[in-house]
Structure formats: structure tokens, C-alpha cells
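One structure is given here, and the rest of the page talks about it.
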Amino acid sequence: MSSFIIAGTHSGVGKTTIAIGLMAALRKRGMTVQPFKVGPDYIDPSFHRMICGRPSYNLDTWMMGNRGVKNTFAKAMKIIPPRPPLPKGGWGDFQVGIIEGVMGFFDGKGGRDEEGSTAHIAKVLKMPVILVVDASAMARSAGALVYGYEKFDPMVKIRGVIFNRVGSERHFYMLKQAIEDRCNAKVLGYIPRDEEISLPERHLGLVMAGDRVVSGQWSVVSKRLVSLIERFVDIKVILRIADCGLRIADSKSKIQRPIHWMGAPKSEIIRIAVAMDDAFCFYYQENLDILKELGAKLVFFSPLKDKRLPKGIKGIYLGGGYPELYAKRLSVNKSLAREIKDLAERNIPIYAECGGLMYLGKGLKDLKDRRYDMVGLFSYISKMTKKRMVLGYREVIATKDCPFMDKGEKIRGHEFHYSNIDEPSNKIKKVYQLTNPPTPPFRKGGKKGGLEGYLYKNTLSSYIHLHFGSNPEFAKGFIEKCRRL
């Protein structure tokens, strides 16, 4: 199985546009495409899933570690089913993995640390890289730019370059000459400047693939994008580059049994309700997989539409998303809110993060300061702000009261939100000690760092999106708590 990485010189260069364009073009040829996304992102994977018809997995060396990245990549590539034979003239039994990078190629956790960067993923997986360059305001300087990226870390192999937002054929010819004069990477083509392939942005600049605006435009955008890819980009050479990568998924010696495997017998399978709709849609696919591997049957429900929770559940998982966009609809669904609160009072384990945290509070205020009642399990009120409050990696240390991990256990995740919450009452237990808390005034820190993770009975809410792959003991503890009740 072949694979490659689509990286960019910086954020906004057009990685996502070109990555999903290539995915769509290869799918059009009848190929099976397994998508991946570097870093803690939920938006781009939603597009990947829509195009490829299969879940996209996040790869992050800071959250998952090198071994976790290798295992996740290998597992996802290994489970690709055989594709039916193509008609004569088809591409044969070809399967490819496409990894979309994050931010700039070398951007990760810090200025001197490669962890979390696309470059680090490329090194860990020994993966060939195709670099996307925004050429809208340069010509020969592109040669210096790509040359610098090649030399910055010689252990990374940049095999090809695709130019985006190119003004004309003459412009492309100048760019191509500049690369061929100094660089090792092969010029694979370009995408002309074209406003028709731009997807709309709205709330906080984030738009999921399932958004009605996007869904309505996607058929038009995808046809135009695939047409440009097929006309101006050398897909055959890209596939040859992909075929040169380390075939990690083909080597049994590279695949290790996941460290979170429990082998739970079918008789012990328990039902976990997972909120999944337009308001709650931020989940790492790996988290869902780990829960299933630990013996959970995930039963999806919609806090926007469903008046009751699924029957026979032993726990609830409320992920992040956009509850602020649907606050009114959530507030009028009082029967579901009452049931969730009742189950929490009866000690049913509930895990909520970010949007889920906001939903479990007493109320939610939107940007116009309109307040909507939420579940009311916690006394805090969340309030939307125009300014981003927090962005960054987080490491959590469990305190003695954490219900799903032993005291001193660590797990990693990421935090990104435009909302804030009232300082919770001292009566609410805080069971997370953060090793790298954000600076005040958002969250006041103690002597050893910030406190977070709000606990009521067996309900744990937090702004932090945890990646269970960084310590599956958290997911195991959640499942075991559900199993015992």
C-alpha cells in the first residue's frame, strides 16, 4: 500500500484544497483512499470522510507518541478492504494513504521542538512529502523557499512540489525553472487562481463538511477542483512518489497489538451513548475505536433531535462541537436534558469535553449575550467571546478524585475554544492538574499549575479534548466504571 504526505510552507497555503482534490481525483479513478490528518483537528477529517467514504485518523507525535502514530497508521491502512476489479483501462488494485499536514511543514509544539509537526510525522513514518507552495506573490523566490525547506532538515524527503494560486502558464514556467535550477524536488504541477474552489467560512472560521452551506456547494466545488487537478497536476508521478514510501502497513513486524486492547468478551459489551449531530461532532476517530476495542457498543444520539437517550446505556460521551450555534434548540429539548441530569444524579458515568462541558452547565450565553438554559448539572455559565480564549496542547495529571484514572496518571490532549466559563464554585471538585496551563486570566493557576476537570459524582467535564491514545487507561477507566454500575 502506497502513501504520501501533503504539507504546506505555512497555514492557509491550500493544503486542504489540494489534499481533498487529490483524494477526490483518485476516488474517481476507483482507488481506495485512506485519509489521515496531522495534529488535533476535527474539521479537515470531516471533509476527508465525506470524500473517501471512510474515517480519517489524526496523527500527532506529541499526543500519541511515535509508537502510537505508527500503530494508528498501520491499523488504518491494514483494514482497507480489497477493492473490486476495475474495468479494462482502470488503475488496477491500487490503494493509497494520503496524510494532510498541519500548519507549516515544520510547525509543531514549539520553536525548537519538532513534536507535533508534519515533518516529524514524515520522519516517523519514513513518508515521502509533497510540498504545497502559495505562489500568488512570488516567482523565482519560490526556488529559495523550497531550497530552504529541503535543507532545514535533510532527514525529511520532499519529493515533489505543487504550486497553488498560480496566475498564468508563464508564471508557472518561471516557478518551475526556479525549482529545477536549485532543488531536488520534482515540480508536479499547479492549481490556477480560482475563486470557485474556495469553500465558505463562517462561525469562528470553522466549517464542518456536514454543514448545509458546504454540502450544498460541494458537488459544484468538487467537480471544478477535480477538473483542475486532472488538468494541471501530474497524478501518475504522484502515485510513483507514493509507491516509494515505507510500506509500514504491509510489514507484520511493524504492527503491534494496540496497548489498549482488552479482549472483552461479547457478554460484557456495554452500550455507551455518544452525542453526534451538528452541535456535537468533534471526536478523534481513535477515541471511538479505543472505546469499542475495550468492549463498548457506541450508540449515537442527537441532543438536537432526540427526546430520549438510547435504551440500555451504561454511560454517555458528549464531545465538542458548536452548541452555541444551536443553543436555542438545545434549550427547548428539556426532556433529554432532564434525563441526562437524572442519570448523572444516579451516578451513571458521563464524560464531556468542550462543547459537552458547555452543554452540562447552567446556561450558555451567545455573542449577543442572550442566555439559554442547558442541562444544569454544573453551576457554571459559558459565554461566547469574539476573541479566541485558548489554543494549545495540554497534559493532564489525575488527582485522587479523578473517576477514570488513578492519581498521578497522565494523559494528553488539546484545547481550542472561543468561550469562557464563570469561575466554578469551590464546591465543584477539580480533578485535573495541568502541567502546562494557559496563562491567566482565563484560568487561575495553583502552585503546580492550573486546575481543571470539573467533577460531579461520576460526571467529568473539561475544556480539554483528550486523545485516548496518549494513555488508554483513561478510556479503560471510563468503561470499567460504566461496567460496574
## Note on the structure
Among residues of the range 371-381 being free of Cβ contacts under 8 Å to residues at least 40 places away in the same chain and touching a helix residue (DSSP H, G or I) at 6+ places or on another chain (Cβ under 8 Å), the residue farthest from E339 (Cα to Cα) is G376
### Residues located in the range 345-367, provided they are more than 22 Å from K387 (Cβ to Cβ) and touching a Lys or Arg at 6+ places or on another chain (Cβ under 8 Å)
E345, N347, I348, P349
### Query
Could you list, in sequence order, the residues of the range 31-59 that are open to solvent by 20 Å² or more (accessible area, probe 1.4 Å), more than 28 Å from M138 (Cβ to Cβ), part of a loop (DSSP other than H, G, I, E, B) and in contact (Cβ under 8 Å) with a residue 60 or more places away in the chain?
P40, Y42, P55
### Task
Would you be able to say whether some residue in the range 465-472 is aliphatic (A, V, I, L, M) and at pLDDT 90 or above?
yes
### Summary
Taking the range 369-420 and keeping residues among the charged types (D, E, K, R), assigned to a loop (DSSP other than H, G, I, E, B) and closer than 18 Å to C354 by Cα leaves K386, K387, R388
### Query
Do any residues in the range 417-435 that are closer than 21 Å to N458 by Cα have Cβ atoms under 6 Å from those of residues that are of a type in the set (S, T, N, Q) and open to solvent by 60 Å² or more (accessible area, probe 1.4 Å), where the two are at least six apart or on different chains, and which pairs are they?
none
### Message
If I ask for residues that are outside any helix (DSSP H, G or I) and open to solvent by 70 Å² or more (accessible area, probe 1.4 Å), which ones from the range 328-350 would you list?
### Response
R346
### Task
Quick one: count up the residues across the range 372-394 that are touching a Ser or Thr at 6+ places or on another chain (Cβ under 7 Å), within 20 Å of L466 (Cβ to Cβ) and crowded, with 20+ Cβ neighbours inside 10 Å.
3
### Message
Is it the case, given these coordinates, that Y393 is out of contact with any His (no Cβ under 9 Å at 6 or more places or on another chain) and aromatic (F, W, Y)?
### Response
no
## Note on the structure
G116 vs (1) more than 24 Å from R240 (Cβ to Cβ); (2) open to solvent by 10 Å² or more (accessible area, probe 1.4 Å): all pass except (2)
### Query
Hey, does the range 347-359 have a residue that's touching a Phe, Trp or Tyr at 6+ places or on another chain (Cβ under 8 Å) and of a type in the set (S, T, N, Q)?
no
## Note on the structure
Output for Cβ contacts, cut-off 8 Å, separation at least six or different chains, first residue within 11 Å of F404 (Cα to Cα) in the range 457-480, second open to solvent by 10 Å² or more (accessible area, probe 1.4 Å) and hydroxyl-bearing (S, T, Y), reads L460/Y454
### Residue that is farthest from E452 (Cα to Cα) [pool: residues in the range 329-368 that are touching a strand residue (DSSP E or B) at 6+ places or on another chain (Cβ under 6 Å) and among the charged types (D, E, K, R)]
D366
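The values are calculated or read from the model by the stated rules, or taken from the named source; none is laboratory data. What you are looking at is a predicted structure, and each value in this text was computed from that prediction instead of being measured. Note that each Cβ is placed from the backbone with ideal geometry, even for glycine, and that neighbours are counted across all protein chains shown. Calculation scope for accessible area: heavy atoms of the full protein, side chains included, ligands and nucleic acids excluded. Shrake-Rupley method; radii C 1.70, N 1.55, O 1.52, S 1.80 Å.
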